[in-house]
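Here's the structure we're looking at; comments come further down.
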Amino acid sequence: MIAENSVKRMTPAIGAEVTGLDVNQLTASELSQLRRLWLQHKVLVIRNQKMSLNQLCDFSGYFGELMQLPYITPVDTHPKIICVQKKADEVNMGVFGGDWHSDFSFLKTPPAASILYAETIPPLGGDTLWANMSLALKNLPSHLLEWVENRNVIHTGAPYGIKNAPAADTQFTGSIEIQRNNPEADREMLHPAIVKHPDTGERSLFISPTYTTGIEGVEPDVGCSVLKELFEFCARPEFFCRLRWSANAVVIWDNRNTMHYAVNDYDGFERRMYRTTIAGQSPISGSA
Ligand SMILES: [Fe+2]
């Protein structure tokens, strides 16, 4: 059983840390509690876990079916795990996940969840931020709500494509083997701007600054300026939590109602994480 005092919220907006667990030896009751806490808090942090890659897969499998990511070369021995790594000598360059995004939102069926396991962390820096997109929607000013209610937004695999690829000096690179300049990644995928969570029914915004490039039926210039305002609103500190990692921490987050940001402030130090991704379904419109 997970006692009530073993769950500590990270901020009023989002996230909780759970203590007193060994994720390699969870009981059925603890698993169902963890799943409920994950849906409730959107981001769950469990520190001090010693996990092999097989154990990471086993733990991840409790939350759904693991998926293989396109464009990123997985770990040799585990096709459904990627190594998210920046080495100490990779300086003055971007970092994987270094802007607000929801993981792979440009897929027809974006992931339901992502799980990160920290192996090596810098002595300071390398934090991750998550924003609660349900809370952002609840607080959205009416002039912005009008732009997203009953509308689709356009997602593309911008960092992996040609048309919307970021400038070369801001692209993440280095230790992560990534397939770039793939025209397939430029394919536009429409998803509702407001989605309904398949498990809880809660409404949230589903926009992803790294991958969302326009609003369907809106002139590109106008769409871009509305999205910019939306992104800035959603990234307000009132909606997010910030995690100071420790080695052997594992974090699972709901990818359907959050976005996250990997802070790139640890040049000269290594950061290595292992990541699994849980398959999701086509987003369901949450517009009235
Ligand atoms: Fe990410």
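May I ask you to list the residues of the range 260-282 whose amide nitrogen lies under 15 Å from a point 7 Å from Cα along the Cα→beta-carbon direction of LYS87?
Under cut-off, by backbone N: 268-273.
What FRET efficiency would be calculated for the residue pair LEU53, ALA288, taking the C-beta separation as r and a Förster radius of 45 Å, to the nearest 0.05?
Efficiency at R0 = 45 Å is approximately 0.50.
According to a simple spin-label model (label point 7 Å from Cα along Cα-to-Cβ), what is the distance in nm between LYS138 and ALA28?
Output for this residue pair reads 3.4 nm.
For the range 240-250, in order, what is each residue's ³J(HN,Hα) by Karplus, 6.51 cos²θ - 1.76 cosθ + 1.60 with θ = phi - 60°, in whole Hz (x at glycine and Pro)?
Coupling constants for the range 240-250: 10, 10, 10, 9, 8, 5, 9, 4, 6, 8, 10 Hz.
At 7 Å along Cα-to-Cβ for each site, give me the label-to-label distance between GLU219 and GLU188 in nm.
1.6
Considering amide H positions built from the backbone, and no H for Pro or chain starts, which residues 5 or more places from ILE154, or on another chain, come under 5 Å of its amide H?
Long-range HN contacts for ILE154: THR213, GLY214, ILE215, GLU216.
Could you give the C-alpha radius of gyration of the range 217-288 expressed as a fraction of 2.2 N^0.38 Å, taking N as the number of residues it contains?
1.50
Tell me, in nm to one decimal, what length is gained between LEU39 and LYS8 on full extension, where the rule is 0.36 nm per residue of separation less the Cα-Cα distance? Each step should come with its number before you reach the end.
Numbers: separation 31, 0.36 × 31 = 11.16 nm, distance 1.50 nm.
Contour length minus the Cα-Cα distance gives 9.7 nm.
Before I look further, what does the range 10-144 give for accessible area per residue, probe 1.4 Å, in whole square angstrom?
41
Sort all Cα-Cα distances of the chain into consecutive 10 angstrom bins from zero, then give the percent of pairs in each bin up to the one containing the longest distance.
6, 29, 37, 22, 5, 0
What accessible area, in Å² to the nearest ten, does a 1.4 Å probe give for LEU66?
Only protein atoms counted, so the area is about 30 Å².
Taking 8 Å as the Cα distance limit and 6 or more residues as the minimum spacing, I'd like the relative contact order of the chain as a percentage. Provide the component values of the computation, followed by the final result.
Numbers: 643 pairs, mean separation 103.8, N = 288.
In percent, rounded to a whole number, it is 36.
Just to confirm, what accessible area per residue do you get for the range 195-240 at 1.4 Å probe, in whole Å²?
On the way: 2160 Å² over 46 residues.
That works out to 47 Å² for each residue.
Local charge sum around LEU39 (other residues, Cβ-Cβ under 14 Å, Lys/Arg +1, Asp/Glu -1)?
Surrounding charge for LEU39 is +2.
Could you give the nm distance between label points at ASN150 and THR109, where each point is 7 Å from its Cα heading toward the beta carbon?
3.0
Mean-square fluctuation check for the chain, GNM, Cα pairs under 10 Å: which of ILE154, ILE178, ILE278 is largest?
Looking only at ILE154, ILE178, ILE278, the biggest GNM fluctuation is shown by ILE178.
Once the Cα atoms of the range 22-143 are picked out, what are the Rg and Dmax in Å?
16.5, 50
On the accessible surface of the chain, probed at 1.4 Å, how many percent belong to carbon and sulfur atoms?
Carbon and sulfur atoms account for 50 percent of the accessible area of the chain.
Given the DSSP H assignment, sum -39500 (n - 2.57) over each helix run of at least 4 residues in the chain and divide by its residue total; what's the result at 222 nm in deg cm²/dmol, nearest 500?
Details: 5 runs with 51 residues, N = 288.
After summing the helix terms and dividing by the residues of the chain, the value is -5000 deg cm²/dmol.
The values are calculated or read from the model by the stated rules, or taken from the named source; none is laboratory data. Source: prediction; values computed, not measured. Methodologically, a virtual Cβ is constructed for each residue, glycine included, from the backbone with ideal geometry; neighbour enumeration extends over all protein chains shown. Quick note on the areas: whole protein, heavy atoms, side chains included, nothing else; ligands and nucleic acids left out. Shrake-Rupley method; radii C 1.70, N 1.55, O 1.52, S 1.80 Å.
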